[in-house]
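Trainee: Have a look at this one.
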Amino acid sequence: VTELPKVEIKSIENIKFDDYSVKIDDSETDKRLKEIAKNQPSFKDATDDIKAKENDLVVFDYTATIDNKPFKGGEGKNTQLTLGKDLFLKGFDKQLIGVKKGEEKTVDAVLPENFPEKEFANKKANFKCKVTSIKNPEETKINDDFAKNLGAKDLKDLKSLVLKQINDEYKNSLDRLSKNQILKELEKFKVDEIPDNLMEEEVKVLSQ
């Protein structure tokens with residue numbers, strides 16, 4: 001039978017530690033909102049004769065072939081690429097610089113190692129792209145519409161959510177400081193006869 005060790009609670013009442021509170025300046029909230037807006041780019045349709053350049057969003061349909069043969073996974077509709085990000089296939093989007101809306105462009109690219117159809121991984125493919133739209137980047141306006149797109153009721157609601165997020169980040173860090181102070185104080189207490197299997201169980205829980 002394993003007995004829990006006896007701990008005198010009275011001694012714990014005298015532990016002293018710092019408890020922190022956080023006051024977030026409005027400028028911190030505004031700064032975070034600007035960071036969010038930067039990562040939520042906005043685009044507007046370009047005129048038909050405009051050529052695509054770096055940072056533009058190009059929307060296109062494509063059919064791809066390997067050795068002039070179609071393959072599974074080699075078709076795409078309404079594919080969107082921000083030129084210069086190189087997020088689709090290595091070197092793919094650079095070949096779309098200069099295209100216009102309605103234009104067809106042939107692009108060569110190597111399929112990635114993790115391509116879903118394993119037999120086509122690392123193979124060179126030929127993509128016939130039909131450009132359906134070109135969009136120019138524009139500055140994202142931080143307003144009620146922006147807030148609604150992020151799931152908030154309005155801008156005021158979004159600011160309160162961001163404020164809470166920043167507050168929680170600081171508070172979690174500061175609470176860890178308080179917790180460390182408490183743990184250091186607890187280390188000073190002498191608890192006799194802690195059963196080995198209880199310690200083993202606790203180590204197991206912590207490691208998991």
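The values are calculated or read from the model by the stated rules, or taken from the named source; none is laboratory data. Everything numeric in this text was worked out from a predicted model, so none of it was measured. Neighbour counts run over all protein chains shown; Cβ positions are idealised from the backbone, glycine included. Only protein heavy atoms, including side chains, enter the accessible area calculation; ligands, DNA and RNA are left aside. Shrake-Rupley method; radii C 1.70, N 1.55, O 1.52, S 1.80 Å.
Trainee: With N residues in region 40-134, what two-decimal value do you get for its Cα radius of gyration over 2.2 N^0.38 Å?
Mentor: Compared with the compact-globule rule of thumb, region 40-134 sits at 1.08.
Trainee: In debye to the nearest 20, how big a dipole does the chain give about its Cα centre with +1 on each Lys and Arg Cβ and -1 on each Asp and Glu Cβ?
Mentor: 1020 debye
Trainee: Here is a follow-up. Ordering Leu4, Leu198 from largest to smallest accessible area (1.4 angstrom probe), what's the sequence?
Mentor: Listed by decreasing accessible area, they come as Leu4, Leu198.
Trainee: If you put +1 on each Lys and Arg Cβ and -1 on each Asp and Glu Cβ, how big is the dipole of region 89-192 around its Cα centre, in Debye rounded to 20?
Mentor: In total the dipole reaches around 180 debye.
Trainee: Would you mind checking the tilt of helix 26-38 against the longest principal axis of the Cα atoms of the chain, expressed as 0 to 90 degrees and rounded to 10?
Mentor: 40 degrees
Trainee: Compute the length gained on full extension between Leu150 and Lys38: take 0.36 nm times their separation in residues and subtract their Cα-Cα distance, giving the result in nm to one decimal.
Mentor: 39.0 nm
Trainee: How much accessible area per residue does the chain have, in Å², with a 1.4 Å probe?
Mentor: 76 Å²
Trainee: Could I ask something else about it? Can you pull the percent of the chain's accessible area that's carbon plus sulfur, 1.4 Å probe, other chains left in place?
Mentor: Carbon and sulfur: 48 percent of the exposed surface of the chain.
Trainee: Also, quick follow-up: Could you give the semi-axes, largest first, of the ellipsoid that matches the chain, computed as the square roots of 5 times the alpha carbon gyration tensor eigenvalues and rounded to whole Å?
Mentor: Ellipsoid half-lengths, sorted descending, are 57, 29, 12 Å.
Trainee: Which of the lysines could be linked to Lys69 by a straight reach, that is with a Cα gap under 28 Å, when you skip same-chain ones fewer than 8 residues away?
Mentor: In chain and number order, the partners are Lys77, Lys90, Lys94, Lys100, Lys101, Lys105, Lys118, Lys123, Lys124, Lys128, Lys130.
Trainee: Continuing with this model, one more query. Just report the Cα centroid separation between region 186-208 and region 119-181, whole Å.
Mentor: Taking the Cα centre of region 119-181 as reference, the centre of region 186-208 is 42 Å away.
Trainee: Using modelled backbone amide H atoms (1.01 Å from N, in-plane), which distant-in-sequence or interchain residues come within less than 5 Å of Val99's amide H?
Mentor: Answer set, sorted by chain and number: Ala52.
Trainee: Considering the Cα positions of region 138-208, please state its Rg to one decimal place and its Dmax as a whole number of Å.
Mentor: When restricted to Cα atoms, region 138-208 yields Rg and Dmax of 22.5, 68 Å.
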